[in-house]
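Please treat every number below as a calculation from the coordinates, not as lab data. From a predicted model like this one, the values you see are computed outputs, not experimental measurements. Cβ coordinates were reconstructed from backbone atoms using ideal geometry, including for glycine residues, and neighbour counts include every protein chain displayed.
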Amino acid sequence: MTNQVSEKQLLLQIQPLIENHEAEAVRLLLEAYRPEDIADIFWDIELDEAKFIIKVVGQKEAVEIIRSLDEELQERFFKGYTSKEIADDVVSYLDSDDSVDILNLLPTRKAEEVLSYLDDQDYAKNLAAMLHYDDDVAGGLMAKELVQVKHNWTVSQCIEEIRLQAEEVDSVHAVYVVDDKNILNGVVSLKDIVLSKAHTSVIEITNTEFIAVNAYATGEEVARLMNKYDLITIPVIDSMNRLIGRITIDDVVDFIKEEADKDFQLQAGLSDSVVSEDKVLILSKARLPWLMVGLIGGLGSSMLVSNFETDISHLPQMAFFMPVVAAMGGNAGVQSSAIIVQGLANNTLKSKNIMPKLAKEFTVSLINGLACSALLLMFNLIIGHNYDLSIVVSIALITVIIFASLLGTITPLILEKFKIDPALATGPFVTTINDIIGLTVYFSLGRILLGA
């Protein structure tokens, strides 16, 4: 049973103990906490305090705490460690996928030094091979640790081999059956092995209708397959169908979370992945590019309005509805683009259903535009605004909502075509363009219909 004391209370208890270097008291206090909970307080303590905690807890607990740290915190944490310390105290005790994640956080030279300090050269070679994969493809998500048996073995031989190999694997979800060339023949469950007779050939109970992914399959594809077929683990193969690793559901969950965080920041107009604890210059650098886009868009809108200065002076009430038209266009565009980005992310949007999607988006935007315009017209008539202007505003609102929705639908598809993250479409990009287009439509209709 774990302690339920809050993070703040734990900090109040542990910091005086660390200041007085009471190692045994710190160790006893933290015995009641899970590694994931201990990792949470690392945001609020100094590097020296964090290193003290890692030093006094057991080796297994220390590694689990480090593994549970957020990526940004890990990167800062390892700046206080030498390459040899990282190799001996951390990487040597982690599964290969977790080790690669840590090595990817380090500068290239330091990562190479860590590999050179590893005593297990086979493990070091595996890690070096995995570093060649991007962290968003199957090869970058996989772990080398798995249980595999030969296709011509008996169940008895398999059980003996499983006992030997399982010492290197934290959890065994499936056993992979390979031939003499390490080509994956299928997957067999532990249940089938346990329930089969000792002399039974393993190939007889092997599921040859298995799902596997190539090492260069995208993380999104891996997540889609595991979700579709309700898989806990999935084997990774190379171009020759040789088994090279496995991906477990916890790695996919981590990947999905990272992608969701990245997309959320892109939608908010952040060019890099940042957290609130980052330095001021890092935060500014991440936010500034899209703020500049917004500034340019704002200047464009200002110049556009200046071109219609005569119209506004002739009918000043036109200025009242500028924020409404711009805001509604931006909102409609963001809603549409968010749906498309979601479809692209989960691979449910295929080229064959793009036209029906556009037709549906047009219909939805027309209905929404009519509803909003009718409500706005009723409001203007009740308030007593100019009747002709009220009609113009309502027509402009319908037009802007339809156009913004179609633009929000098309823009992510275009960005995807040019290999640009479509999540950018739901941020300042669509909003800024729709502001300019919305005001252009509004004033143009006013000039045409009102003779302003």
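Placing dummy labels 7 Å off each Cα toward the beta-carbon, the span from SER6 to ARG34 is 2.0 nm. In whole percents, the pair-distance distribution calculated for segment 1-130 from its alpha-carbon pairs, binned every 5 Å from zero, is 2, 10, 22, 22, 18, 11, 9, 5, 2.
Across the alpha-carbon atoms of segment 148-248, the computed radius of gyration and Dmax are 13.5, 41 angstrom.
Measuring nothing but how far apart in sequence close Cα pairs (under 8 Å, 6+ apart) lie, relative to its length, the chain scores a relative contact order of 11 percent.
With contributions of -39500 (n - 2.57) from each DSSP H run of at least four residues, the per-residue ellipticity at 222 nm computed over the chain stands at -20000 deg cm²/dmol. Considering all alpha-carbon pairs of the chain, what whole percent are spaced by more than 43 angstrom? So the pairs more than 43 Å apart make up 37 percent of the total in the chain.
Within the chain, the longest segment free of exposed loop sites, counting chymotrypsin sites (Phe, Trp or Tyr not before Pro) that fall outside DSSP classes H, G, I, E and B and have at most 16 other Cβ atoms within 10 Å, spans 230-417.
Loop-located GluC sites (Glu not before Pro) across segment 13-59 with a Cβ neighbour count of 14 or fewer within 10 Å are GLU31, GLU46, with loop assigned by DSSP. Dipole of segment 148-248 computed with +1 at Lys/Arg Cβ and -1 at Asp/Glu Cβ about the Cα centre; of THR200, SER156, VAL175, farthest Cα towards the positive end is THR200.
Output the antiparallel fraction of DSSP beta bridges having both residues in the chain, as a percent to the nearest 5. Given both bridge residues lie in the chain, the antiparallel proportion sits at roughly 75 percent.
What shape does segment 280-450 have by the C-alpha gyration tensor, where a ≥ b ≥ c are the square roots of the eigenvalues, rounded means a/c under 1.5, and otherwise prolate means a/b greater than b/c and oblate the rest? Judged from the Cα gyration tensor, segment 280-450 comes out oblate (a/c at least 1.5, b/c at or above a/b). Along the chain, counting only trypsin sites (Lys or Arg not before Pro) with a DSSP assignment other than H, G, I, E or B and at most 10 other Cβ atoms inside a 10 Å radius, the longest segment between sites is 1-180.
Computed from backbone phi with θ = phi - 60° and the Karplus coefficients 6.51, -1.76 and 1.60, the 3J(HN,Hα) list for segment 229-241 is 9, 6, 9, 8, 8, 9, x, 10, 10, 8, 5, 9, 6 Hz; x is used for glycine and proline. Taking a threshold of 22 Å on the Cα-Cα distance, which of the pairs LYS357/LYS417; LYS60/LYS191; LYS79/LYS419; LYS144/LYS417; LYS228/LYS257; LYS51/LYS84 fall above it? Violating the 22 Å limit, Cα to Cα: LYS60/LYS191; LYS79/LYS419; LYS144/LYS417.
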